[in-house]
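The values are calculated or read from the model by the stated rules, or taken from the named source; none is laboratory data. These figures come from a predicted structure and were not determined experimentally. Note that each Cβ is placed from the backbone with ideal geometry, even for glycine, and that neighbours are counted across all protein chains shown. Accessible surface is based on the protein model in full, side chains and every heavy atom, while ligands, DNA and RNA are left aside. Shrake-Rupley method; radii C 1.70, N 1.55, O 1.52, S 1.80 Å.
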Amino acid sequence: MPSKNNKKLAAAERAAKLRAEAEETAATNPVVEEAVETPADNAPVAPPSSEMAALAVTTEKPSIIPSTSEQKKKKVSAPYKPPAPLTPLTSTGSKTVITNSYRMEIKKHTNRRYDVTVSKNVDGRVTEIVGARGADKQQQNSLFQLITGLLKDDRMDLKNISYDGALSLYNSSNQELAGRTFFLNSGDLPQNLRSTLFPRNENGTLDILIERNAQQPTLDTQDVLQENLNGASCPVTQMLQQVMHQEAKRNGFVVVDNGTEMFERPRGEANNGVHEMNGIGAGLKIAKGGDGKGAVHIVMEFKTTRFFDNGPLSALGSRAKFNDTFHAQRYLSGLKVGTTYSNQVITIHGLSSDSISELTYDGNSILARSAEVAHRDVREYNGNWPAVQTRIRDRRTRQFRVFSFPIENLRVLPDQKLMPKHGSPPTCPGPEVRFAQTTTVGQSAKLLAPNPTLASFGGQILPTPLTVQAVEVPAPTILYKDSQARVIQAMVNRQSVSFEQKNFISIQFFQANWRKPAGAKFFEPASPFKVLILYNSVYLTSQQRGSIGEKVEDVKTQLQSMAARGTGLLITVSGTEDLGGTFGDEVSAGEAIRMKLETLKDLPANEKPVVIYIDPSTSQTHGVLKLQERLCEVVTQQLSIDKSLKRSIGGATLTNFLLKLNQKRGGLNHKVQPDAMIAHLYGEKSNTLIISYDVCHSSGRVYVRGELCDEPSCVGFAYNSTKSREMFIGDFAYQLSRHERVDEQILKEKTKDILNKYGISHSKAPSSIIILRDGVSEGQHQMVYDDEFPSIEQAVTEFVQEKNKFFKEKKMNIVLSQPSIALLVITKRHANRLYEKNEQGAIKNVSPLLAVDTVVVKKAGNEMLFVSHCPLKGTAQFIAVHIIVNQKVFSKNDEIVRLLAALSCARQVSTSVVSLPESIYAADDYAKRGADLFREWRLLMGAEVPTLHTENGMQFDWRAITERLNYQNSIFKNIRIA
């Protein structure tokens, strides 16, 4: 038997020889690259080669628009140093809550780390199989089966092996694997592995080499406690995260999302091509632990997720709606499929605009040729369906060729999750079900049951969830005014109530709301205004046309009723109009809205009515209505005839409607009287500017990895810069597509603009600035600290310097001081859950206004969990708070949670404590509104959208588009319009 050194040397020599041969062959025999790449901007489409004609090819481009995003080099920096810990939470009341964190006991154990190289040789061309590519799940699964099987045959105990199906392999035993090689012919592989690794039915060889990792050849399990998860390199954490799911994967679980989620295989039949699968998310966290010195916790959360069935693509017909090309393309885009007659794997990039029966290639019917290739009768195909299309780039010419396939010739590849664009996800389970299922599935996945593989690496998960003391946060007081302008208080109700559902099941939940006291009016009612009610009878059903007159009269009556006047609002309905009667049935609903609002555009601001537009909930008019609201500067509100007006608009519906109208007209529905501890941070006596910002990457459409996006990323801002410190207004700005990091210039300009508005409103600069950043994961905290915060801080410094220079030149005895800044990341994108037990021992949601800052929170940095609201159904998804920067704005955690409690009561269109601070809600609303406005404006403008030349070619002029559509340049700049 050859020695290990000889094996290693032979493998290296063989790989070098194959690469040399491949380079020589490629020079004279160029081939089409196997992987589908993201196309360059406006990449030309080349005619297909003759050898691909048998696959039914058309040169028509799919309906995909080139991306304008720039690729920038990733900045590498040391992990940021979190600010000093604050004084822990203190409270007059606390309660014991159950978490979904489980402690992992670890012991000192040395493990060996290896790199796996897999080279494929086909006709002299050598390629390294890149299994680490996240999108290539099929290849990863195949390599996992292949290499673990080879090691088992080589007398390795698999409980000592952990392999990710890509580059990383770990060994907990003393048996050395370095230098092991395997040389396989494609014909010797099982069919399922050959179809994935040799998808074009090629004959070739695989050369597998296992070598010790050069940087860190050994890893000690106990070192995980020394790793900082804010950093880029956490090798022991990554190892343990991978080791945890090995038993589940070998037992048939579907493992996705880099091993953090695992799902049980379905046992029943698919529902129209889709399976609903139960699984569990399991993430490793270095928490404070009971002694504050650090502990390894596994955060487990039960999940129900839908997966596509590994079956014919045609089974998705009722879901994808193949006869509706627009809907089907949106539904199928990004899905990986294979042909029924070969091992070929393709990614769906689009659908043909013509039906498959109309497509030809070289004068021949593509449908007929496809049927011949699949050995099927052409009558078995639906000729009215479009063709599925994919694009493959020729490595030599850098051009793309478009290949078309009949739907019936394709099968869906396994282990692909449905996304939000595919429709409503499974119903969120209640706390009792979620808690019980976490235990059940956790045991099946060998996380909460004996796990030999994890044990061999020095770890063991204790099966009992941790409990922790949660602190009760004082509820703020809500303020209204009576008819004499006297302040009236309303108290937040945080008690639990019970009611009985069907089958006499008693349901108990907490409340987190308040009632407007008798005789109370809005704190600041808007000035009297007129309302114009519009509808379009052409686009109503016959039943809706019969009732529209009654509905309109009901709205008119209620808006001018005593109930409305009881809020302090004085509303006059100036008229109603049927746009169908005005413009006829040849004008679309959207165009009729545009034409009508244009007639109101030039009216004086005090004469413009608030437009209420009534239409079906299924209509697509919201976007054009909001675009015309911005362009014509006319406040609008949409009501659905089949939902909002299904019954009389009185009661809660009328209340919600009036809340929105008063806010859009610049009024303030209620104020929040904060706890005395934070009076300097929020409320009338404070001098603190609060800024929130978030990024929206599209106007509702969900893009998959590699799919081209022609929509900008839209940054939404919200801030309390008006005279009323409790009121949050906002705006937005556009930047390059799919960029989460906010552009430096946008942050600087917007920060200065907000500071200027604050100064005008209060005749002074803020003494402190609190920034709440939303929408970023823990892995992006470094980006926020390195890239975004310096831009904001520099803008603040420059603003102070510029103002002081101005005051000095004008010989004014005014000197501004640099405001102190705190930056917090607020997110609901985490897996932490909290539960309580009722008197009968049943699991339920925790009560609202609770906070946790011990045991289960991160060891490194400053993390808190804060539950503000109470969900009416499902399990509470609360926020995690991460303190990134604190320039002495906060001294204790109590200040932060009490501020968040106040902000969670400040949402003006609600009489409940909401799940996020109002400033975060507002920033998100403005980001989404900006994305919607661009989509509609682009449809309106067509080819007239401003563009500019850049070093990367032509792209949209996002600055010019921002100035045209944002609210800064409109009458809405100082009110909450989104």
Looking at segment 96-108, which of its residues are in contact with an Asp or Glu (Cβ under 7 Å, 6 or more places away or on another chain), open to solvent by less than 70 Å² (accessible area, probe 1.4 Å) and not aliphatic (A, V, I, L, M)? ASN100
Any pair with Cβ under 9 angstrom, 6 or more apart, that starts in segment 579-601 at a residue that is in contact (Cβ under 8 Å) with a residue 24 or more places away in the chain and ends at one that is basic (Lys, Arg) and in a loop (DSSP other than H, G, I, E, B): LEU600/LYS608; LYS601/LYS608
Looking at segment 944-967, can you tell me whether even one residue there is closer than 19 Å to HIS697 by Cα and small (Gly, Ala, Ser)? yes
For segment 102-129, the count of residues that are touching a helix residue (DSSP H, G or I) at 6+ places or on another chain (Cβ under 9 Å) and either more than 23 Å from ILE147 (Cα to Cα) or of a type in the set (S, T, N, Q) (or both) equals 14
Taking segment 846-898, which residues are assigned to a strand (DSSP E or B) and open to solvent by 20 Å² or more (accessible area, probe 1.4 Å)? VAL855, ASN886, LYS892
Residue among GLU963, GLU918 that is buried (at least 23 other Cβ atoms within 10 Å of the Cβ), at pLDDT 95 or above and of a type in the set (Asp, Glu): GLU918
Could you count how many residues in segment 768-784 are in a helix (DSSP H, G or I) and touching a Ser or Thr at 6+ places or on another chain (Cβ under 9 Å)? 2
Given the criteria open to solvent by less than 10 Å² (accessible area, probe 1.4 Å), over 25 Å from ALA282 (Cβ atoms), in contact (Cβ under 8 Å) with a residue 24 or more places away in the chain and part of a strand (DSSP E or B), does ILE826 qualify? no
Can you name the condition, by its number, that VAL742 falls short on among (1) outside any loop (DSSP other than H, G, I, E, B); (2) touching a residue at least 24 places away in the same chain (Cβ under 8 Å); (3) closer than 26 Å to PRO712 by Cα? (1)
Taking the criterion of being in contact with a strand residue (DSSP E or B) (Cβ under 8 Å, 6 or more places away or on another chain), surrounded by 21 or more Cβ atoms within 10 Å (Cβ to Cβ) and assigned to a strand (DSSP E or B), would at least one residue in segment 555-568 satisfy it? no
When segment 361-372 is examined, which residues are found to be touching a residue at least 24 places away in the same chain (Cβ under 8 Å) and surrounded by fewer than 18 Cβ atoms within 10 Å (Cβ to Cβ)? ASP362
With segment 179-295 as the region, which strands (runs of 3 or more DSSP E) entirely inside it contain at least 1 residues that are aromatic (Phe, Trp, Tyr) and farther than 19 Å from LEU413 by Cβ? 181-185
Out of curiosity, is GLU276 open to solvent by 20 Å² or more (accessible area, probe 1.4 Å), touching a Lys or Arg at 6+ places or on another chain (Cβ under 9 Å) and not assigned by the TED database to the domain that holds GLY165? yes
Given (1) under 33 Å from the mean Cα position of the chain (by Cα); (2) polar (S, T, N, Q); (3) outside any loop (DSSP other than H, G, I, E, B), SER370 misses just (1)
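Matching residues to (1) hydrophobic (A, V, I, L, M, F, W, C); (2) at pLDDT 95 or above; (3) over 20 Å from LYS928 (Cβ atoms):
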{"site": "THR636", "(1), (2), (3)": "no, yes, no"}
{"site": "ARG647", "(1), (2), (3)": "no, no, yes"}
{"site": "LEU661", "(1), (2), (3)": "yes, yes, yes"}
{"site": "HIS670", "(1), (2), (3)": "no, yes, yes"}
{"site": "TYR682", "(1), (2), (3)": "no, yes, yes"}
{"site": "ILE691", "(1), (2), (3)": "yes, yes, no"}
{"site": "HIS697", "(1), (2), (3)": "no, no, no"}
{"site": "VAL702", "(1), (2), (3)": "yes, no, no"}
